[in-house]
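Working notes for the structure below.
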Amino acid sequence: MKISFVKIIIFSLIIFILIVFWRGLKINNNYDTKSLIGNRISNFKLFEINNEDRYIYEEDLKKNKYTLINFFASWCAPCRAEHKFLLNLLNENKEIKIIGINFKDKKINANNFLKELGNPYDFVGIDTDGKTSILFGIYGIPESILIDSELTVIKKIVGPIGQVQYDDITKLTQ
Amino acid sequence: MLSSVGIGLVILVLILSFLIIYIACLDLKISRQTVEKKIYNLSLFQITFTVLSFFTLIIAFISSDFSLINVYENSHTNKPFFYKIAGTWGSHEGSLLLWVNILVIFSYLFLVFNHTHNKNFRLYTLIFQNILILGFLFFLLLNSNPFSSIYPVPIEGLGLNPILQDPALAIHPPLLYVGFVGCSIYFSAAMASLVSGYSGKLFAISIKTWVKISWCFQTLGIIVGSIWAYYELGWGGFWFWDPVENASLLPWFAITALMHSLIVLEKRNALYSWVIILCLLTFILSVTGTFLVRSGILNSVHTFASDPSRGIYILLFLSFMIFSSLIIFFSKYKKETYNFNLKSREIFILANNWFMAFFLVTVLIGMLYPIFLDVLTSVKISVGPPFFNIVIIPLVVPFMFLMAVGPKFGWIKSKNKIFHKFLILILGAGTINLFIFYFSGKYSLLSNLIFISAIFLILHSLLDLKNFINNRNKLELPRIISHLGFGLLVFFIGINHQFSIEEDFNLKVGEIKKTNTYKISFEEIKIKESKNYKAVIGNFKLTNLKNNLVQNLGPEIRIYSNPETLTYEAAIRTKIHSDLYLTMSNVSRSDYYNIKFQKKPFMIWIWISALMISLGGFVQLTLKKNEN
C-alpha cells in the first residue's frame, strides 16, 4: 500500500473520531443531582432578566457567605407555594443571599409574578431555553441549590421549599 | 437449567465458527470449483444451534425463569404473554443474541443461495462473516451474557419498561436488526470481493438481493419506530432528530445510495470502488450507531442501562473493522475512470449518491458535534431540529426534481425530447401549489418550493404508473411505488406542517375551553384497574364549532406497577383527513390538568406514503429472477 496524502488524512480523521469516542465513554452523562453535593459550581454566567447587559458569574457569588440558587417560573404552581419561605429567608436569615433563575418563562409573566408575590431575590437571572439550568443539574422546577462562599454545593432541594427544608437551611447556615 | 443450555449452545456456535473459518481456509487452496460439503454441514449446524439458543431465551422469558438475570431484570409474571416474548429482545443482552442470530442466518443463506458464484469469493465471504460472528459471540459471552444465572432465584422479576410495552415497539427492534445486521453480509462480501478479485457486474448480482432485503427492513423499522413515537411519547410529533433516530438514518442514507449505484455497477460495470466503499460504510455506520446507543454516550429514549465496559468492547471491535477494511481496500484499490454522458441515467444515479452523501455528512456532524464538544471542551450543547431543518430541507427540493426526472433517461445516452413535458408538469405543480397557499394563508418561499417539487415528483410518478398499467413493464413498478411514496411523504409532511393546530392549557374537571375551532369540555375522571397498571382516564367532549360534530376522547395517565412508572397515553382519533390528538398530564398539588390538544391533518397519509417507500422494495423482492 502506497502512502499518500489522502490516506493520511482519512486515517488521522478516523483515529481522531475513535479517540473522541473513547474519551466520550468516560464522561458522566448522568444529570444525577445527588452527586452534586460536595461538588463546586463552576463555569457559569447569568444574565439579568430585565437588563441583559448585566450579568453575574462565579466571582460574584464568592462574596456571599451562603447563596441559595432558586429555579422558578411563573407557570409553576409549587413555585408559588414556596415563595413565602423565600421571603422569610430574606427577612430572617442575613447570611444568605438568594439568586433566582427564571426557567423557561416569559419575561412579562415572570415580572408580574414577582410584583404580585414580592421579590426575595438579590439577583434574577434568565434562562429562557433551560440550558443554564442543565449545568446546575436541574430536572424540573422548583429546585434550589445552597452553596457556600467556596461555591461548594451543600444542599440540593428538589421540589418546593416547605417548613422542613426551611429549617434545614437555617441549621446549615448557622 | 435453561442458563446452562443457552450457554452450551452459544459455545457450540463459537466452536463451529472457528471450524468453518479453518476448513474454509483449507478449501481455498484446493482447486475445485465447488465448495467443500463439510462447510455446508457445519453452517447448517451453526444456524440450528444459534436459532435454538434464541428459542431457549424465549422459553426462559415465557416461563418467567428468574434464575436468569436477564429475565429477572426485564420480565414479570404479570406481564402479558406477547410482551414476555418481546422482552427477549427488549434488553441489551437479549438483543445482542438476536444480532448474532441474524449474522448467522444471513451467513448461511448467502452461502446457500449464491451457489452459482465464484468459489473463492464465497469462501472469503464466509470467513469474514464468521470473523464478525466471533467478535460478537465473544462480546456476548464475556460481557453481555443473556444466560447469566442468579442465585438465590428471585421470586418475582422487575418488569419491562412500560413505554416499551407497545405492539409497534415490540416489532421495531427485530425489523431494524434485520436491516442493520443484514448489512454485515455485504460488508463481508465486499471484503471478499477485494481479496478474491471477484468484482464488477457479477459481484453486483451476488449482493443485490441482500442489499434490497436489508434496505426494506431498515426502512420499515425506522417507520415503525416513528409511528411508535407518535402514539406513545405523547408529543404529537413523529420525527425529532433525536440522536438515536439520527444514528438509524446514517446507515439508511448509505444503503439507499448503495442500492442505486449497485444498478450502475450491474448495468454498466462502473463505480465498482464506490460500491465497495458504500458496502463497507453501511455496516460500519450500523455498528457505530450501536456503539453510540449502547455505550450511553447518547442520551435518549433508547438508552439502555449503560455500562462503559460494553462501550469499550464495541469500540475496539469497531476500530478493528474500520482499520482492516480500510487497509484491505487501499491495498487493492485500482483507479477507475468513467465517462458518463450528462443526459444518461448514470449521471442521475450519481447525483442521488451525492445528495445521500450530503445528507449523511450533515446528520453525522449534527450528531457527533455535541459529543466532540463535550469531550474536548466540556461544553454541553444539543443540536436539534432547527439545524437539520435548515440544512436538509432546502436540498430536498432539487433532490426531488432529480428523482422525478432521472428515471426518464436511458442508460448511456438519451435523445428524448422530454423537456416540454417537464415544463408542463412544473406548471401543473405550480398551480396546485397556488391553491394550497390560497387556503393556508401562510407564505414562505421554501415551503412553496417544497410543495412544487413534491407535486412535480408525484405527477411524474403517477404518469409512470399510467404507463406501467399500459405496458406492464414490471421492472419499473418498485421504483415508481417508492418514488411516489417519497413525493407523497414530503407533500403530506408539508401540509401537516402548514395546517396543524396546537393548543396548550390547564383545565379542571367541569371546565370548558374554547379555541378558534373547537370547544373542549372536561367532563369527568375515571379510574381503571388493569392487569399491570392503573389508569386515570379523562373524559373530554370535543365539539367542532364549524359543523357541531361532537367527539369523545379519553387520554390516560397510566401508573405501571412493575417497575413503578408514570406514562401518558395520548387519545388519538384518526380520520382519513386528520388526527385529533389529546394528552393530559397532572399538575402536581392542584386539581388542574395540563391539556395539550392538536389537530394534525393527513397524519394517516404520512404513514401510508412512508410505508409505500418500503413497499416498493418488497415488491422488487417478489419479482422473479428472470423478470429482474
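Derivation of every value follows stated rules applied to the coordinates shown; laboratory data play no part. What you see is a predicted model, and the numbers here were worked out from it, not measured in a lab. Heads up, the Cβs are rebuilt from the backbone with ideal geometry, glycines too, and the neighbour counts pull from every protein chain shown.
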- line: Total charge of the residues flanking B:G554 in space, meaning their Cβ is under 13 Å from its Cβ, with Lys and Arg +1 and Asp and Glu -1, is +1
field: DSSP-assigned coil residues among trypsin sites (Lys or Arg not before Pro) in segment B:376-435, each with at most 16 further Cβ atoms within 10 Å
entry: B:K380, B:K413, B:K415, B:K417
query: Mind checking which helices in chain A clear 20 Å along their axis (Cα) and have mean Kyte-Doolittle hydropathy of 0.0 or more, DSSP H runs only?
result: A:5-24
- prompt: Expressed as a rounded percentage, what relative contact order does chain B have, with Cα pairs under 8 Å and six or more residues apart?
  reply: 11 percent
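Within 11 Å, Cβ to Cβ, of B:I23, how many net charges do the neighbouring residues add up to if Lys/Arg are +1 and Asp/Glu are -1?
Around B:I23, the surrounding residues sum to 0.
Within segment B:438-506, report the trypsin sites (Lys or Arg not before Pro) that DSSP leaves as loop and that have at most 15 other Cβ atoms within 10 Å.
B:K442, B:R472
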- prompt: Could you give the alpha-carbon Rg of the protein assembly as shown over 2.2 N^0.38 Å, rounded to two decimals?
  reply: 1.06
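Listed highest first by mean packing, meaning other Cβ atoms within 10 Å per residue, what order do B:73-81, A:50-58, B:324-332 come in?
The packing order, highest mean first, is B:73-81, B:324-332, A:50-58.
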message: Tell me the mean residue ellipticity at 222 nm calculated for the protein assembly as shown from its helices only (DSSP H runs of n ≥ 4, each -39500 (n - 2.57), averaged over every residue, nearest 500).
response: -20000 deg cm²/dmol
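What is the packing order of peptides B:48-57, B:503-512, A:116-125, B:93-102, taking the mean over residues of other C-beta atoms within 10 Å and listing the highest first?
So the order, starting with the most tightly packed, is B:93-102, B:48-57, A:116-125, B:503-512.
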query: Per residue of A:12-24, how many C-beta atoms from partner chains lie within 10 Å of its own C-beta, taken as a mean?
result: 6
message: Just checking the output field for B:367-377: average partner chain Cβ neighbours within 10 Å of each residue's Cβ?
response: 3
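Tell me, rounded to the nearest percent, the portion of alpha carbon pairs in segment B:166-385 spaced more than 20 Å apart.
62 percent
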query: Can you give the extra length, in nm with one decimal, that the chain gains between A:Y57 and A:S42 once fully stretched, where that is 0.36 nm per residue apart less the Cα-Cα distance?
result: 4.5 nm
- request: Compute the signed sum of charges (Lys and Arg +1, Asp and Glu -1) over the other residues within less than 11 Å, Cβ to Cβ, of B:Y198.
  value: +3
query: Tell me, Kirkwood radius of chain A from alpha-carbon pair distances, in Å?
result: 17.9 Å
message: Let's see if you can work this out: charge +1 on each Lys and Arg Cβ, -1 on each Asp and Glu Cβ, no other charges. What is the dipole magnitude of the protein assembly as shown about its Cα centre, in debye to the nearest 20?
response: 3160 debye
message: Given axes a ≥ b ≥ c from the Cα gyration tensor, I'd like to know whether segment B:501-604 is rounded (a/c under 1.5), prolate (a/b larger than b/c) or oblate.
response: prolate
- request: State, to one decimal in nm, how far the label point of B:S324 lies from the label point of B:F113, with both points 7 Å from Cα in the Cβ direction.
  value: 2.5 nm
field: Contact order normalised by residue count of segment B:50-207, Cα under 8 Å, 6+ apart, percent
entry: 36 percent
query: Which of the chymotrypsin sites (Phe, Trp or Tyr not before Pro) found in segment B:379-465 are in a DSSP loop and have at most 12 neighbouring Cβ atoms, other than their own, within 10 Å?
result: B:Y443
- request: Determine, from the Cβ-Cβ distance of B:K201 and B:I576 and an R0 of 41 Å, the FRET efficiency 1/(1 + (r/R0)^6), rounded to the nearest 0.05.
  value: 0.30
- prompt: Sorted by packing (mean other beta-carbon atoms within 10 Å per residue), highest first, where do B:121-128, B:596-603, B:357-364 land?
  reply: B:121-128, B:596-603, B:357-364
query: Using the beta-carbon distance between B:F499 and B:K29 and R0 = 56 Å, what value does 1/(1 + (r/R0)^6) give for FRET efficiency, to the nearest 0.05?
result: 0.25
- request: Of the listed pairs B:K332/B:K408; B:K119/B:K212; A:K94/A:K156; B:K380/B:K596; A:K45/A:K97, which have alpha-carbon separations greater than 27 Å here?
  value: B:K332/B:K408; B:K380/B:K596
- prompt: Taking the Cα centre of segment B:1-117 as the origin, how large is its charge dipole in debye, to the nearest 20, when only Lys and Arg (+1) and Asp and Glu (-1) carry charge on their Cβ atoms?
  reply: 300 debye
statement: log10 I(q)/I(0) for segment A:98-140, Debye formula on C-alpha points only (no solvent), q = 0.29, 0.33 Å⁻¹, two decimals, reads -1.08, -1.18
statement: In whole µm²/s, the translational diffusion coefficient that Stokes-Einstein assigns to chain B, given a Kirkwood hydrodynamic radius over C-alpha pairs, 37 °C and 0.692 mPa s, equals 123 µm²/s
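Need one value for B:325-333: mean number of C-beta atoms belonging to other chains within 10 Å of its residues' C-beta atoms.
The mean count of partner-chain Cβ atoms within 10 Å per residue comes to 3.
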- prompt: Given labels modelled 7 Å from the Cα in the Cβ direction, how far is it in nm from B:K531 to B:K334?
  reply: 6.2 nm
task: Would you calculate the separation in nanometres between label points at A:S12 and A:D167, each defined as 7 Å from the Cα along the Cα-to-beta-carbon direction?
output: 6.5 nm
